Structure formats: C-alpha cells, structure tokens
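> Let me give you the structure first, and then I'll get to my questions.
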Amino acid sequence: MDWTHAIEKRDVDGGMSAYLPSKELTVYDGVAPLEYRGRESLRNNFKHFFSRFSGPLDIEYRDLNIVAGPTFAFAYGLQKIRGPLTDGSQQAT
C-alpha cells in the first residue's frame, strides 16, 4: 500500500511504512508542533490526526518536489486533506 492510500484509509502502520526505521527521522508539518523527531513522535501525530475524522480522507497534491541524493532523500510540496470529522462536519487541512 502506498502512503497516499494509507492516509486516505487512516492506516497508521501503512503511513509509517513510507519512512525509514531510523532514530534520526525528522518530519516537518504545517501544524504545531511543526517538527516530529523519531518514529514514535510521528506515529503519535498520525494517531492524533486520524482520531479527529470519522471516515476516509481525500488528498490533493500541488507542487510536489522530490530530492534524492546518495545518502538522503526528501520531498516537499502542498497537500490538502479533506474528510468528515467525528462531529459530522467536513474539514480540510
């Protein structure tokens, strides 16, 4: 399963499978706390984020860029995630 499908299904393990099992993992996000260091921190962020929604999510990407070198790789761009909240309303982030 790829990362997009995992996020759309609110699958924490599937989302985590896109990241290397490294203690040096650092992920930046557009919402506080903005930086997640280590796999457990990122896993907790996924759990918290997914808990706000009651159904599958929809993801839209814009301006996606992927940079890869011999010892590193990263991607950046914009994404919009929409889905039904647990209170029945819709939210886009």
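The values are calculated or read from the model by the stated rules, or taken from the named source; none is laboratory data. All figures in this text were calculated on a predicted structure; none of them were measured in a lab. Here Cβ is always computed from backbone atoms with ideal geometry, including for glycine, and neighbour counts include all displayed protein chains. Protein only, heavy atoms only, side chains kept; ligands, DNA and RNA dropped before computing areas. Shrake-Rupley method; radii C 1.70, N 1.55, O 1.52, S 1.80 Å.
> Report, in debye and to the nearest 20, how large the dipole of the chain comes out about its Cα centre when Lys and Arg carry +1 and Asp and Glu carry -1 on their Cβ.
160 debye
> If you don't mind, there's one more thing I want to ask. In the range 19-92, which trypsin sites (Lys or Arg not before Pro) are in a loop and have at most 11 other Cβ atoms within 10 Å, using DSSP for the loop call? Display every interim value, and only then the final one.
Details: sites: K23, R37, R39, R43, K47, R52, R62, K80, R82; in loops: K23, R52.
Loop-located and lightly packed - K23.
> From Cα pairs below 8 angstrom and at least 6 apart in sequence, can you work out the relative contact order of the chain, rounded to a whole percent?
Reported as a whole number, the value is 21 percent.
> Can you give the angle from 0 to 90° between the axis of helix 39-51 and the longest principal axis of the chain, with both taken from C-alpha atoms, to the nearest 10?
The answer is roughly 20 degrees.
> How much solvent-accessible surface does S54 expose, in Å² to the nearest 10, with a 1.4 Å probe and all protein chains in place?
That residue has around 70 Å² of solvent-accessible surface.
> Mind checking the full-extension length gain between L34 and T93? Use 0.36 nm per residue of separation minus the Cα-Cα distance, one decimal, nm.
19.8 nm
> What is the ratio of the Cα radius of gyration of the chain to 2.2 N^0.38 Å, where N is its residue count, to two decimals?
Cα-based Rg divided by the globular estimate yields 1.11.
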